[in-house]
Amino acid sequence: MGKPQRITLKEAGALIDDGSMLSFSGFTIWRRPMALIYELVRQGKKDLHLFEVNGGTHTEVLAGAGAVKIWESCWVGHELYGKLGEGVARGQCENTMIIEDYSHGQVVARLLAGAYGLPFFPTALSMGTDILNPKYDMLKKAGLRNGSNPKIPLQKYTMADDPFYAMGEILLMPAANPDWAIVYASQVGDEGTIRVNAQTYTDAEVIKAADKVIVLAEEIVLDSYLRGEPEKNISPGYAIDYVVELPWSAHPTGSQGYYDVDADFIRNFYTASKSKAGYDKWAEEWIFGVDGHEQYLAKLGITRLEKLRANKVLGYSTRAKRGSR
């Protein structure tokens, strides 16, 4: 059991092959590994298979770039800064992406099975809904449930009779085991222990379910410090393969206790993403117009970043405008 390897952002991007199945930390516009998302687009990755509890700004950056072939989830958008996933919708309408729909709980069930090392997870979630209508099994329609891809189950789901209490049918959801979990963490110990100073969402399950894990760390601290409060940690170092120390690497999404969501940035991106031409113009400025994360931060500017920085006591910025009555 060794420590995870410290690598650069460019090296992390180079590890992801075309066609890889990816899952992510965070929730909608919080704690998304945005710096690596930009790097994947910069490196021209394609045919990616995203499996996630819900989509967010990171999903839309990849979808707008044409980097996604398969998206399995339940929802995508930017919360109050953009309710729709324009890139995903465009990919679906233009038949350049396969969209496999689940309920929120069903996606979690698949990750839980993957994390526990089980082939499937029994549940009653969303039974009786059109999500289970066979005509909406889009991976089957595309001929991809034929065993050729070990990450795609032979069936979207199956039903089984309860053999223990005779309570009727139960839904069996197949495990999800992504090739990579791409995780943003508040703190990573020098031996790889992971801490998130906020809601943990399904981060721990994503880490356990994935074959390999890359973590973008806001800061690296002593493992002995993190082990002093083990209840706040979500993963030991032996479960992590690679670590990139990169402050502000979740921007424009937020990192609770470190910085707020950059609302104006996400609003502007959402507006740009409504057309392919708009997305391309945005990407030319913010992805291809900078040579990596440091230039991206320089372009944002210290004034903008400091406005987003969280107060260390309150946990959120006291400088950012939050509306008025």
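The values are calculated or read from the model by the stated rules, or taken from the named source; none is laboratory data. Since we're looking at a predicted model, the values are computed, not measured. Cβ: placed from backbone, ideal geometry, glycine included. Neighbour counts: every protein chain shown.
Results, tabulated for the structure shown:
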| item | result |
| --- | --- |
| Which numbered condition Pro153 fails, given (1) in a loop (DSSP other than H, G, I, E, B); (2) crowded, with 19+ Cβ neighbours inside 10 Å; (3) in contact with a helix residue (DSSP H, G or I) (Cβ under 7 Å, 6 or more places away or on another chain); (4) at negative phi | (3) |
| Cβ pairs under 7 Å, 6+ apart, first in the range 231-256 and over 14 Å from Val213 (Cβ atoms), second at pLDDT below 95 and in a loop (DSSP other than H, G, I, E, B) | Gln256/Asn197; Gln256/Ala198; Gln256/Gly315 |
| Residue among Arg145, Arg195 that is without any contact (Cβ under 8 Å) to a residue 12 or more places away in the chain and at negative phi | Arg145 |
| Residue in the range 226-241 that is more than 27 Å from Pro150 (Cα to Cα) and of a type in the set (Val, Ile, Thr) present | yes |
| Members of the range 257-285 found to be of a type outside the set (A, V, I, L, M) and in contact with a strand residue (DSSP E or B) (Cβ under 7 Å, 6 or more places away or on another chain), listed by number | Gly257, Tyr258, Tyr259, Asp260 |
| Among residues of the range 43-82, those that are farther than 23 Å from Gly289 by Cβ, of a type in the set (A, V, I, L, M) and buried (at least 22 other Cβ atoms within 10 Å of the Cβ), counted | 4 |
| Residues that are over 15 Å from Pro236 (Cβ atoms) and in a strand (DSSP E or B), drawn from the range 177-209 | Trp180, Ile182, Tyr184, Ser186 |
| Residue that is farthest from Lys83 (Cα to Cα), among those in the range 242-265 that are out of contact with any Asp or Glu (no Cβ under 9 Å at 6 or more places or on another chain), among the hydrophobic types (A, V, I, L, M, F, W, C) and not in a strand (DSSP E or B) | Phe265 |
| Matching helices (runs of 4 or more DSSP H) fully within the range 67-142 where at least 1 residues are under 29 Å from Ala239 (Cα atoms) | 104-116 |
| Verdict on Leu112 being farther than 25 Å from Ala63 by Cα, surrounded by fewer than 16 Cβ atoms within 10 Å (Cβ to Cβ), touching a residue at least 40 places away in the same chain (Cβ under 8 Å) and among the hydrophobic types (A, V, I, L, M, F, W, C) | no |
| Residues within the range 296-318 that are surrounded by 11 or more Cβ atoms within 10 Å (Cβ to Cβ) and either touching a Gly at 6+ places or on another chain (Cβ under 9 Å) or touching a residue at least 12 places away in the same chain (Cβ under 8 Å) (or both), tallied | 14 |
| Index of the failed condition, Met167 passing every other in (1) surrounded by 16 or more Cβ atoms within 10 Å (Cβ to Cβ); (2) hydrophobic (A, V, I, L, M, F, W, C); (3) modelled with pLDDT under 95; (4) out of contact with any helix residue (DSSP H, G or I) (no Cβ under 6 Å at 6 or more places or on another chain) | (1) |
| Scan of the range 266-325 for residues that are closer than 18 Å to Arg90 by Cβ and assigned to a loop (DSSP other than H, G, I, E, B), ordered by number | Ser273, Lys274, Ser275, Ile287 |
| Lone qualifier among Tyr225, Tyr242, Tyr201 - being among the hydroxyl-bearing types (Ser, Thr, Tyr) and either touching a helix residue (DSSP H, G or I) at 6+ places or on another chain (Cβ under 9 Å) or farther than 24 Å from Asn311 by Cβ (or both) | Tyr242 |
| Matching residues, the range 220-262, being small (Gly, Ala, Ser), buried (at least 16 other Cβ atoms within 10 Å of the Cβ) and over 12 Å from Val196 (Cα atoms) | Gly237, Ala239, Ser249, Ala250, Gly254 |
